[in-house]
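Participant: I'd like to ask you about the structure that follows.
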Amino acid sequence: MTNPYRGEVALEIDGVQHQLRLTLGALAELEAGLDSGSLMDLVARFEGGKVSSRDVLALIVAGLRGGGWQGRAGDLLAAEISGGPLAAARVAAELLTRAFLPPEEIAT
């Protein structure tokens, strides 16, 4: 079961439900992997509607790894994400929201 107060978001990949979470380590790994800018630049791209599929994939991978997944981004290239790219983008945005807002401000 997903716990939004821990920053968790659920996503089904290849028929398996995963709990994604942006831990401090996952955020550090995400920021190190960004081509340019910081995490705040990534947040600004989401807020401004200028997010790329690469941003979405990077966030999904970071969230999966924060949830204990041991895979790599390449493992998801042929994966079937329930709800498709739009669902992946929504989950990525939700991960950012839950990572940077206090729990009382998050609508569940």
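Conditions (1) under 17 Å from THR97 (Cβ atoms); (2) in contact (Cβ under 8 Å) with a residue 12 or more places away in the chain; (3) of a type in the set (S, T, N, Q); (4) in a helix (DSSP H, G or I), marked per residue:
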{"site": "MET1", "(1), (2), (3), (4)": "no, no, no, no"}
{"site": "ARG45", "(1), (2), (3), (4)": "yes, no, no, yes"}
{"site": "ILE60", "(1), (2), (3), (4)": "yes, yes, no, yes"}
{"site": "GLN70", "(1), (2), (3), (4)": "no, no, yes, no"}
{"site": "ALA78", "(1), (2), (3), (4)": "no, no, no, no"}
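Participant: Can you tell me which residues in the range 82-104 are crowded, with 18+ Cβ neighbours inside 10 Å, in contact with a strand residue (DSSP E or B) (Cβ under 7 Å, 6 or more places away or on another chain) and over 13 Å from GLU8 (Cα atoms)?
Facilitator: Across the range 82-104, the qualifying residue is only ALA88.
Participant: Looking at the range 70-91, which of its residues are at pLDDT below 95 and under 20 Å from THR23 (Cβ atoms)?
Facilitator: Of everything in the range 70-91, those that are at pLDDT below 95 and under 20 Å from THR23 (Cβ atoms) turn out to be GLN70, GLY71, ARG72, ALA73, ASP75, LEU76.
The values are calculated or read from the model by the stated rules, or taken from the named source; none is laboratory data. Only a predicted model underlies this, so the values are computations on that prediction, with no experimental measurement involved. With ideal geometry, Cβ positions are generated from the backbone for all residues, glycine too; neighbour counts draw on all protein chains shown.
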